[in-house]
Amino acid sequence: VSTQSTGKRAVEKGSITPTETTSGGKKDNRNLHLAMEGVIKEGTKAAEGVSKSDMMKRKLALESKKKKLKNLKHFVSTDRLCVRNMPSTFNETELKKLMSKYGHVTQVKIMRDIKQANSQGVGKSRGFGFVQFSKHAAALAALRAVNNNPDVFSALKRPIVDFSIENSTILKARDKKVSRNEGESEKGERKKSFKQRWQERRQSIKEKKSKEGKKEEITSEVKSAENSSSKKKKPAKKAQKKPGAKPKQQTVQAEDKATPTPAEPAAQVTKKKKTRSERPAKKQKREKDEVEEKQFQKLVSNYKNRLEGGGQAAGFKKWYEE
C-alpha cells in the first residue's frame, strides 16, 4: 500500500534492519525512516475507494505523529504496530489471529474505556490497539498486508496500521517496573493484574456502601425507639411538676389518675389547665394592662355622661346657672 502512495518503500527488500542510515551517513537511532510507512495521501492510487472519514482519520494520525517526533525522546518502534479504525466488537483474540499469519506475536493490547465496562469488568473498545512482534520483518509484512485492506473489516472502514511512536523515558520506567516485579515473583510474591485490582476495588466499594446503609438503618431504629420511650415518659413528668406541696399519698393518687390503666386507652387522659401563677409573665402583664384600660374607659364614659346632662338629674348645676 505504501509503495502506491509514496512511490518508495521505507525499507528496501532484503535489507530489513532495525537501524538504518540517513543520506548524510549518520545512524538513524530514532528509526525515522519508518515514520512514513503505511501513509496514504489523497489523489494517489492507494487512496481510491477510501471513505472521507478514513482519510480524515489518516490526516489526524499523521499530524499527531509529526508533533510527537519533534520531541527527541520519542522514536519509531521497529517491531510494534499501532492498529486504528477497529470495530468496537473486535477483541484481542481476533486481532492476534489476524496478525499471527505474518509472524510470531508476543503481545496484543486493545485500548478500552473502563468507565463504560460491562458486567464482567471489560471496558468498551476505543477503536485502536497495539501488536508486538518478535521480529521487525514480521511487523513490516503485517503492516503492508493489513493496512488499508478492504477485506479485513469493511470497504468503508479499513484498518489504519503504522509503526507505533514510543517514549524512551516511559519504556525505561516500564523496564524497571518489570524487573522489580520479576524480583518479587522470585521471592514468592505475585502481583495482581489491573483487572483483578479493579474488580476487587469495585467489590470493596459495594461492601462499604452496604455497611453504611445498615448503619443508617440501625441509627434510625435507635432514634425511633428513643422517641417512643420519651413520649411514654412525658405524662409522668407533667404530674410531678404540679405546684403546691401535697402529702405523698395525694401525689401518688394524682399520678395514678394521670397515667392510663392498661384497660383504659391513652386518649382518655385529660390534661389539667395551668393555673394563673404558671402562666408566662408577659401574658399576665397583658391581662393587667387590659383591665386597667377598661377601668379608665369606664371612668371617662361616666365623666362624659355628667357633662352632657346626666349630672342635672343627679342634682348638679352648670357654672352659668348659679
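Details
- Any pair with Cβ under 9 angstrom, 6 or more apart, that starts in the stretch 192-207 at a residue that is more than 18 Å from MET111 (Cβ to Cβ) and ends at one that is assigned to a helix (DSSP H, G or I): LYS192/GLU200
- Residue within the stretch 135-146 that is closer than 26 Å to ARG202 by Cα and assigned to a loop (DSSP other than H, G, I, E, B) present: no
- Number of the condition not met by LYS13 [criteria: (1) at pLDDT below 90; (2) in contact with a strand residue (DSSP E or B) (Cβ under 8 Å, 6 or more places away or on another chain); (3) not acidic (Asp, Glu)]: (2)
- Looking only at the stretch 267-285, and only at residues there that are surrounded by 10 or more Cβ atoms within 10 Å (Cβ to Cβ), part of a helix (DSSP H, G or I) and under 60 Å from the mean Cα position of the chain (by Cα), the one that is modelled with the lowest pLDDT: GLU278
Residue-by-condition table, conditions (1) open to solvent by less than 30 Å² (accessible area, probe 1.4 Å); (2) within 19 Å of LYS195 (Cα to Cα):
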| site | (1), (2) |
| --- | --- |
| HIS104 | no, no |
| GLN107 | no, yes |
| GLN116 | no, yes |
| PHE130 | no, yes |
| HIS136 | yes, no |
| LEU156 | no, no |
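- When ASN167, ASN181 are checked against the criterion of being open to solvent by less than 60 Å² (accessible area, probe 1.4 Å) and either at pLDDT below 85 or basic (Lys, Arg) (or both), ASN181 stands alone in meeting it.
- Matching entry among LYS27, LYS73, LYS68, LYS52 (being in contact with a helix residue (DSSP H, G or I) (Cβ under 6 Å, 6 or more places away or on another chain) and open to solvent by 90 Å² or more (accessible area, probe 1.4 Å)): LYS73
- Every test in (1) under 17 Å from VAL161 (Cβ atoms); (2) assigned to a helix (DSSP H, G or I); (3) hydroxyl-bearing (Ser, Thr, Tyr) is passed by THR93 save one, and that test is (1).
The values are calculated or read from the model by the stated rules, or taken from the named source; none is laboratory data. Keep in mind that what you see is a predicted model, and the values were worked out from it rather than measured. For neighbour counting, all protein chains shown are included, and Cβ atoms are generated from backbone atoms with ideal geometry for every residue, glycine included. These accessible areas exclude ligands, DNA and RNA; they are computed on the full protein's heavy atoms, side chains included. Shrake-Rupley method; radii C 1.70, N 1.55, O 1.52, S 1.80 Å.
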